[in-house]
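Comments concern the structure below.
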Amino acid sequence: MSYSDDESLPGECDWCHDDRGLCDRPHLDEDRCFSIKLKETFDVETLIPCHARRYVLERMGFEDHESMETKKIHLRTHHGMDFEVNLYNSESVTLFGCKKWEALCRMYGFHEDMLVTMALGDPEIEQDNMDIWVLVDTPPILPLSYFHSSKNVWKMVDKTHYTNGSELTYQEKNHLIAFCTDLENYNIYNQTPQHYGQYVPLGHMLNYGNYHGDTLRIPMDCVPHLMYQNGSLDVLNIHPGHPTNLNCPYQISKRSGDMLIKEWKKCMDSRKEVLGSKRKRSARIEDRMISILHNGESGSILFYAILP
Ligand SMILES: [Zn+2]
C-alpha cells in the first residue's frame, strides 16, 4: 500500500488528512467512539484519525503500532450487517480499503464529507471484542444480495428509473435484483440476441396517469434509443420460468418520447406469480411493477413482473 503525505491541504493533518484539529489530543468519545470525516476517495482508502488510532490498534490487537500488519476485523451495523474488512496498519497510519469496505460504503450510500461514527466493541464481551460498530442512522440503500450478484446485474440495478411512488426500500430491492438475475439467466439460456445498448429497468406504479384506455405509458428514460417509432413487442413475464406469450402494438410519442403500449389490459389480466412468492394473480391499479425493455435483432421484448 503506497501512501504519501505530500497531498495534504492547508489545515489538514499530514498523516490522516483530517482537518478538525483533533489529531494532537489522543482520545475516544465516551471511551469507545470516534468519527471519520470521509474524503473524496473514501471507498478506496479511509484513514483512522490520529486521535483514535492508538486505541483502535490496541483494541484490535495490534502489538507493534509502527509495523506493517493487516488484520481482519468485523464492522457491524445495527441493521444486522456484518462486514469482515481488512484493517491495514503501517508506520504512521491505519486504514480501511478493501472490497468489503467498499461494499459497506455502497450499501449505506456513504458520500464525501460525511461524518461516520464508529464505536469500538466492548472488550468485556467476548463476541464484541474484535468488532467495530458503525453507527449509521439511515437504513441501507442496497441489500446484501446486490453484492453477491454479477456486475451486469449491478449495472441494471444502478440504472433503474423509478416513477413516483415506486421507489423501493433496500429489502424490496431484493426483488429487483432477483428480477435482473432471472432476466440475465433467461437471456443466456435462450441465447436472446444482444440488446442494443444498456438496460434501463423501470420501477413503475400502475395508476390512471400511466395506464388508461388499455394503454400503458413507459417513460422515455427507459425506452431504448434505437427503437422504431411504431411496432409491436412481446410481453414476457419470466418469473419464475413460464413465460407469458403476449404481444402488444406500441407507439413512441413524438412529443414526449414515452412509449405507449396498446392492448395492455390482457397483460394486466394475465395471472402471474408476484415477485418473491408463489402466489399468482392478475395485476391491478396501484401495483408496482418492474419492467425492462429489450431491443435487439430478433425484435423488442418487454420483460415485466409485479411486486408483492
Ligand atoms: Zn491526523
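The values are calculated or read from the model by the stated rules, or taken from the named source; none is laboratory data. Everything numeric here is computed off the predicted structure, so don't read it as measured data. Neighbour counts are summed over all protein chains in view; Cβ atoms, including those assigned to glycine, are modelled from backbone coordinates with ideal geometry. Surface accessibility is based on the protein's heavy atoms, side chains included, excluding ligands, DNA and RNA. Shrake-Rupley method; radii C 1.70, N 1.55, O 1.52, S 1.80 Å.
Overview of results
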| quantity | calculated |
| --- | --- |
| Some residue of segment 66-75 being in contact (Cβ under 8 Å) with a residue 60 or more places away in the chain, more than 13 Å from residue 134 (Cβ to Cβ), open to solvent by 10 Å² or more (accessible area, probe 1.4 Å) and within 16 Å of the ligand (Cβ to nearest atom) | no |
| Hits in segment 276-308 - residues which are out of contact with any Phe, Trp or Tyr (no Cβ under 6 Å at 6 or more places or on another chain) and of a type in the set (A, V, I, L, M, F, W, C) | 283, 285, 293, 301, 302, 303, 306, 307 |
| Subset of segment 12-28 (residues that are open to solvent by 40 Å² or more (accessible area, probe 1.4 Å) and in contact with a Lys or Arg (Cβ under 9 Å, 6 or more places away or on another chain)) | 15, 19, 20, 26 |
| Output for segment 95-126, where each listed residue is part of a strand (DSSP E or B) and open to solvent by 10 Å² or more (accessible area, probe 1.4 Å) | 115, 117 |
| Segment 49-61 residues that are of a type in the set (Val, Ile, Thr), paired with ones that are within 14 Å of the ligand (Cβ to nearest atom) and modelled with pLDDT of 95 or more (beta carbon under 6 Å, 6 or more apart) | 56/48 |
| Hits in segment 85-94 (condition: outside any strand (DSSP E or B) and polar (S, T, N, Q)) | 90, 92 |
| Tally of residues being open to solvent by less than 50 Å² (accessible area, probe 1.4 Å) and assigned to a strand (DSSP E or B) across segment 127-160 | 3 |
| Within segment 56-65, tally of residues that are open to solvent by 10 Å² or more (accessible area, probe 1.4 Å), modelled with pLDDT of 95 or more and either assigned to a helix (DSSP H, G or I) or within 16 Å of the ligand (Cβ to nearest atom) (or both) | 1 |
| Cross-chain or 6+ apart pairs with Cβ under 6 Å, segment 17-35 first and hydroxyl-bearing (Ser, Thr, Tyr), then open to solvent by 30 Å² or more (accessible area, probe 1.4 Å) and not in a loop (DSSP other than H, G, I, E, B) | 35/115; 35/117 |
| Scan of segment 29-44 for residues that are open to solvent by 40 Å² or more (accessible area, probe 1.4 Å), outside any strand (DSSP E or B) and away from the ligand (no atom under 14 Å from the Cβ), ordered by number | 30, 31, 32, 40, 41, 43, 44 |
| Verdict on residue 305 being surrounded by 16 or more Cβ atoms within 10 Å (Cβ to Cβ), closer than 16 Å to residue 162 by Cβ and modelled with pLDDT under 95 | yes |
| Residue within segment 197-211 that is of a type in the set (A, V, I, L, M, F, W, C), surrounded by fewer than 18 Cβ atoms within 10 Å (Cβ to Cβ) and touching a Gly at 6+ places or on another chain (Cβ under 7 Å) present | no |
| Single condition residue 218 does not satisfy, out of (1) touching a His at 6+ places or on another chain (Cβ under 8 Å); (2) open to solvent by 20 Å² or more (accessible area, probe 1.4 Å); (3) at pLDDT 95 or above | (2) |
| Count - residues of segment 49-87 that are small (Gly, Ala, Ser) and under 31 Å from the mean Cα position of the chain (by Cα) | 2 |
